[in-house]
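This report refers to the structure that appears directly beneath it.
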Amino acid sequence: MSSIVNKGVPNAPFYTPVQGPPAGTALDQATAPTLFKPLKIRGVELQNRFVVSPMCMYSADDGHVTDWHFAHLSQFILRGTALTIVEATAVTPNGRISPEDLGIWKDSQISGLKRIVDFAHSQGQKVGIQLAHAGRKASTLASWLTLEDGSRTVAAESGGWPDNVWAPSAIKFHEGYAEPKAMTTEDIKVLVQAFEDAARRAVAAGFDVIEIHGAHGYLITEFLSPASNKRTDQYGGSFENRTRLLFEVIKAVRGAIPESMALFLRISATEWMEWAGEPSWTMEQSFQLAKLLPAAGIDLLDVSSAGNNPAQRLVIHPYTQINFAGRIRDELKKNGINLLIGAVGLITNSGVARRIVQEGEAPQADLVFIGRQLLREPEFVLRAAQELGVEVKWPNQYHRAAWRVMAGYDTAM
Ligand SMILES: Cc1cc2nc3c(=O)[nH]c(=O)nc-3n(C[C@H](O)[C@H](O)[C@H](O)COP(=O)(O)O)c2cc1C
């Protein structure tokens, strides 16, 4: 009898063959471009630089994971993304964007999340969760729906909570959105506690990484921006006051998770309102904020933009957001501050992904977060490896289908 056996992953809650090394690992680390080199963040070892950007699926059942989430995220986990970040997951019920958003405000929500984590770990991959509160953009419809009158607000009889929508100030986002209530300091305490409790549940589910959602005009952005935060107490006015809630959330979350766990923050680097000549959140404030993050316990800043004002004027070209990431990274380096940077937005091909992180070629980030390209092409990591001429591990079960690398492929695209 042969001594070779198809070994199962030890301690996994089901049988699955050991992948070792995980899919997406470069077989020759020495010659691999940075995109396929490992990176260790605290206790979290990533075999390459690809991250699944968090993406809401509007498919949860009272905040609980459904089979949709499992099937959706498994596509990427199987195919070599080093880190998969679960969509914006609400820390309180009124922090959901839509009634069908994921939640982590009660213990019954842990087991569905754990199923995703267990699967990722069984494949040797890492998994994170984005903790969020939607603020004044809560109680809205799934992104593909609009009511006949053009409104996006979900009424109470349809499972919404338009009378319990939080914001720093009672300023609604736009016509068709709920009228928010200005949070009291008591509400702020409840919120910070909810982030802490959510972080504990994320630890119980086994996540490797937490990302705090401070972008896209949701509650934390609303506090950061002088356009949406008109408070006159210690949470409004000066930069220090507008960032106070964020730092309280960071402290609460960092205090609830082990040293070995990585903590990311996503921000909108600008809200694209400079044109209006009114106070708004700008790149300068992002520089100022970024410098304070490592001491607060943030390991990586994920640089997005926009979402806090319907009058925003985006100047979009494929490098817009990547350049924001690069500028923040350069500013930090100039000041001798170590903070990892994530680039996101319109990264759709291997050559661009390679260049963004390539050491020795003025890298703009340390990790690339990929959203829609992975929805179009879940095997993007494996395809990028082939195009860049990097031999990578495929999932064992698919090894007979592995692409051969294309010698001489032009990466300068
Ligand atoms: C379907 C969908 C859902 C999204 N949900 C979230 C989310 O939950 N949290 C978040 O920070 N960004 C969310 N985003 C933004 C993406 O994470 C990403 O920043 C954006 O799509 C730009 O990257 P891309 O050009 O690679 O798609 C979502 C984007 C899409 C397409």
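The values are calculated or read from the model by the stated rules, or taken from the named source; none is laboratory data. All values derive from a computational prediction rather than experimental measurement. Heads up, the Cβs are rebuilt from the backbone with ideal geometry, glycines too, and the neighbour counts pull from every protein chain shown.
A compact table of results
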| item | result |
| --- | --- |
| Among the candidates 325, 295, residue that is modelled with pLDDT of 95 or more and within 12 Å of the ligand (Cβ to nearest atom) | 325 |
| Those residues of segment 34-71 which are surrounded by 20 or more Cβ atoms within 10 Å (Cβ to Cβ), more than 20 Å from residue 302 (Cβ to Cβ), of a type outside the set (Gly, Ala, Ser) and within 16 Å of the ligand (Cβ to nearest atom), in sequence order | 65, 69 |
| Pair list, Cβ under 8 Å, 6 or more apart: segment 164-177 residue without any contact (Cβ under 8 Å) to a residue 24 or more places away in the chain, other residue of a type outside the set (A, V, I, L, M, F, W, C) and outside any strand (DSSP E or B) | 170/179; 170/180 |
| Meets criteria (of a type in the set (Val, Ile, Thr), part of a loop (DSSP other than H, G, I, E, B) and within 16 Å of the ligand (Cβ to nearest atom)) for residue 356 | no |
| Residues satisfying the stated conditions in segment 286-298, i.e. farther than 13 Å from residue 332 by Cα and of a type outside the set (Gly, Ala, Ser) | 298 |
| Any hit, segment 261-275, residues being free of Cβ contacts under 8 Å to residues at least 24 places away in the same chain and part of a helix (DSSP H, G or I) | yes |
| Lone unmet requirement of (1) part of a loop (DSSP other than H, G, I, E, B); (2) touching a residue at least 40 places away in the same chain (Cβ under 8 Å); (3) acidic (Asp, Glu) for residue 149 | (2) |
| Residue in segment 177-196 that is farther than 22 Å from residue 293 by Cα, under 24 Å from the mean Cα position of the chain (by Cα) and outside any loop (DSSP other than H, G, I, E, B) present | yes |
| Residue in segment 42-53 that is closer than 30 Å to residue 154 by Cα, hydrophobic (A, V, I, L, M, F, W, C), in contact (Cβ under 8 Å) with a residue 40 or more places away in the chain and touching a strand residue (DSSP E or B) at 6+ places or on another chain (Cβ under 6 Å) present | yes |
| Residues of segment 370-398 satisfying the condition of being part of a helix (DSSP H, G or I) and within 16 Å of the ligand (Cβ to nearest atom) | 372, 373, 374, 375, 376, 380, 381, 383, 384 |
| Which numbered condition residue 362 fails, given (1) surrounded by fewer than 16 Cβ atoms within 10 Å (Cβ to Cβ); (2) at negative phi | (2) |
| Any hit, segment 159-166, residues being in a helix (DSSP H, G or I), of a type in the set (Asp, Glu) and out of contact with any Ser or Thr (no Cβ under 8 Å at 6 or more places or on another chain) | yes |
| Unique match (being touching a residue at least 60 places away in the same chain (Cβ under 8 Å), crowded, with 16+ Cβ neighbours inside 10 Å and of a type in the set (Gly, Ala, Ser)) among 353, 325, 343 | 353 |
| Flag if residue 315 is within 16 Å of the ligand (Cβ to nearest atom) and either in a strand (DSSP E or B) or farther than 25 Å from residue 211 by Cβ (or both) | yes |
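Residue by residue, here is whether (1) within 16 Å of the ligand (Cβ to nearest atom); (2) touching a helix residue (DSSP H, G or I) at 6+ places or on another chain (Cβ under 6 Å); (3) hydroxyl-bearing (Ser, Thr, Tyr) holds:
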| site | (1), (2), (3) |
| --- | --- |
| 179 | no, no, no |
| 194 | no, no, no |
| 209 | yes, no, no |
| 218 | yes, yes, yes |
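For (1) touching a Pro at 6+ places or on another chain (Cβ under 6 Å); (2) surrounded by fewer than 23 Cβ atoms within 10 Å (Cβ to Cβ); (3) farther than 21 Å from residue 133 by Cβ; (4) modelled with pLDDT of 95 or more, each residue gets a yes or a no:
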{"residue": "228", "(1), (2), (3), (4)": "no, no, no, yes"}
{"residue": "231", "(1), (2), (3), (4)": "yes, yes, no, yes"}
{"residue": "255", "(1), (2), (3), (4)": "no, yes, no, yes"}
{"residue": "260", "(1), (2), (3), (4)": "no, yes, yes, yes"}
{"residue": "277", "(1), (2), (3), (4)": "no, yes, yes, yes"}
